[in-house]
Amino acid sequence: SHSHSPLFPSKMSITQNLTLSISSSSSAFLAPSNFNSRSQVYLPSKSPSICKCIATPQEVETAYKTRVSRNENLGKLQAGYLFPEIGRRKSAHLLKYPDAKIISLGIGDTTEPIPEIISSALAKKSLALSTLEGYSGYGAEQGEKPLRSAIASTFYPDLGIEDDDIFVSDGAKCDISRLQIVFGSNVKIAVQDPSYPAYVDSSVIMGQTGLYQKDVQKFANIEYMRCSPENGFFPDLSSISRPDIIFFCSPNNPTGAAATREQLAQLVQYAKDNGSIIIHDSAYAMYMSGDNPRTIFEIPGAKEVAIETSSFSKYAGFTGVRLGWTVVPKELLFSDGFPVAKDFSRIVCTCFNGASNISQAGGLACLSPDGLKAMRGVIGYYKENTNIIMETFDSLGFKVYGGKNAPYVWVHFPGQSSWDVFAEILEKTHVVTTPGSGFGPGGEGFVRVSAFGHRENVLEACRRFKQLYK
């Protein structure tokens, strides 16, 4: 009997069963399942009798199902979330070229170590938790007072933003979804096109949209504000129908464009005239060069129409530490006069227990004079990477955007499909980028190259780009 063969542990049938159920339930969007091909390795080919132990696909199809229907809004989402899909394609590429030295300039994840002045504060807080004096449990859901105060005085000096207008969180992305919960399913949103996918996807999940319209690659009931080289990446506000909520990211992910003072003033005036609320995503504000506003609250009157969300992720390398904040001014009121901040506070208290006390200790260190200096150093390093990438594509004759105010370079491949360009770059240079169409229909024909990477990897990627496009 083969049942006791060491080649074939009894767990095998379970693994195989799992493999089959994973591959049968995975969406068509997944490339042929990698799981299957790998699990075959365990099967000794010379003993066909073993196959009897393995669950057949028919058995999987008759698996028990509950009587709970799926949330239909999740069914409207297109394929996978952009970045996991890129991860899947990268894994498939590695299976095909196991020896390839892949360089990842795709997902905007930081690569440089956290400055020691900041990490030592994280360590100190962690160790203090094992002492009687240093232990603390639940904190205020809105964040610890000293940190809220430091954020207000560092990023919003003399702008009338007070400590209790600041809500500390586990990152800007999480706050985008919490804000969507505040506004509920009866609002219409507008987004820059192209833009960070979380705005649209969270809107779909909340039930704010109609179905996806394949021909135009847009969801019904979302206002897509086209941002292109032709309009200087700032939308023509006179051509859009009135939204309730306007998501606006500056410096922008993915295009790297930063709104001027005049443009932001125009946006605030538009919101005032239409009674809309702006959610200003300023996660890259510290990458700004020149006179562009670092926060929307530099624009007079913005406190009556705007919320701002921000993050330590791309400043201090906190993508895994998780710490961000959202500013909801007291002056911002719903149509019935109720303060938006009170509802946001209620959602935070219900859906969240406050950012980690360890992360918050790190945040406080970030905002010390030495911490700020260290963060500016890391940002300067990524900005040098951006220059290298910009100059490379420039020298190859490409039209290149972004880069100056953001860690992203937006490269134009006119008339080509973004996913095709992504695939060609991956296949021929082993460099992962991000297809522009993943950020909305306005991104078609572009590819986003991220400047987050070790210098030698960025230089090597640029050498490979020069070979491919010389």
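Here are the numbers for this structure:
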{"read-out": "Full-stretch length increase - Asn221, Glu162 - with 0.36 nm per residue and alpha-carbon distance subtracted", "value": "17.7 nm"}
{"read-out": "Cα-based helix-to-principal-axis angle, 340-351 vs the chain, degrees rounded to 10", "value": "30"}
{"read-out": "Of Lys90/Lys314; Lys399/Lys466; Lys173/Lys330, those spanning more than 19 Å from alpha-carbon to alpha-carbon", "value": "Lys90/Lys314; Lys173/Lys330"}
{"read-out": "All aspartates and glutamates inside 16 Å of Lys404 as judged from Cα atoms, apart from same-chain residues fewer than 8 positions distant", "value": "Asp291, Glu384, Glu391, Asp394"}
{"read-out": "Distance (nanometres) between label positions extended 7 Å along Cα→Cβ at Arg376 and Gln213", "value": "4.8"}
{"read-out": "Heavy-atom accessible surface of the chain: percent carbon and sulfur, 1.4 Å", "value": "55"}
{"read-out": "Per-pair calculated FRET efficiency, R0 = 25 Å: Lys470 and Glu427 via Cβ, rounded to 0.05", "value": "0.90"}
{"read-out": "Translational diffusion of region 304-443, µm² s⁻¹ [Kirkwood Rh, Cα pairs; Stokes-Einstein; 37 °C; 0.692 mPa s]", "value": "175"}
{"read-out": "Area projected by the alpha carbon convex hull of region 119-258, averaged over all directions, nm²", "value": "12.1"}
{"read-out": "Simple spin-label estimate for Ala79 and Glu112 in nanometres, 7 Å along Cα-Cβ", "value": "3.3"}
{"read-out": "Length gained when the stretch Asn353-Glu304 is fully extended (0.36 nm per residue, less Cα-Cα span)", "value": "14.9 nm"}
{"read-out": "Accessible area in the full protein assembly, largest first, 1.4 Å probe, for Thr131, Thr110", "value": "Thr131, Thr110"}
{"read-out": "At 1.306 mPa s and 10 °C, Stokes D of region 400-458 from Kirkwood alpha-carbon radius, µm² per second", "value": "136"}
{"read-out": "Distance from region 389-407 to region 254-295 (C-alpha centre basis), Å", "value": "22"}
{"read-out": "Candidate aspartates and glutamates for bridging to Lys124, where Cα separation is under 14 Å - those fewer than 8 sequence places away on the same chain excluded", "value": "Glu116, Glu133"}
{"read-out": "Antiparallel DSSP beta bridges within the chain, as percent of all bridges there, nearest 5", "value": "50"}
{"read-out": "Loop-resident sites, region 300-330, for trypsin sites (Lys or Arg not before Pro), counting at most 16 other Cβ within 10 Å (DSSP)", "value": "Lys330"}
{"read-out": "At 0.890 mPa s and 25 °C, Stokes D of region 118-159 from Kirkwood alpha-carbon radius, µm² per second", "value": "201"}
{"read-out": "For region 252-368, alpha-carbon Rg relative to the globular expectation (2.2 N^0.38 Å, N residues)", "value": "1.16"}
{"read-out": "Lys101, Lys373, ranked by accessible area, largest first (probe 1.4 Å)", "value": "Lys373, Lys101"}
{"read-out": "Anchor Lys76: aspartates and glutamates whose Cα lies under 13 Å away (excluding residues fewer than 8 positions away in-chain)", "value": "Asp201"}
{"read-out": "Calculated from backbone phi, Karplus (6.51, -1.76, 1.60) coupling profile of region 262-273 in Hz, x at Gly/Pro", "value": "5, 5, 5, 4, 5, 5, 5, 5, 4, 4, 4, 4"}
{"read-out": "DSSP-loop GluC sites (Glu not before Pro) across region 368-470, with at most 11 other Cβ within 10 angstrom", "value": "none"}
{"read-out": "Per residue, the convex hull volume that the Cα atoms of the chain enclose (Å³)", "value": "196"}
{"read-out": "Debye, to nearest 20: dipole size of the chain, +1 on Lys, Arg Cβ, -1 on Asp, Glu Cβ", "value": "1660"}
{"read-out": "Helix axis angle, 369-395 relative to the chain longest principal axis, alpha carbon, degrees", "value": "70"}
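The values are calculated or read from the model by the stated rules, or taken from the named source; none is laboratory data. Keep in mind that this is a model prediction, so the values were computed, not measured. In this analysis, Cβ positions are derived from the backbone assuming ideal geometry, glycine residues included, and neighbour counts consider all displayed protein chains. For accessibility, only protein heavy atoms count, side chains too; no ligands or nucleic acids. Shrake-Rupley method; radii C 1.70, N 1.55, O 1.52, S 1.80 Å.
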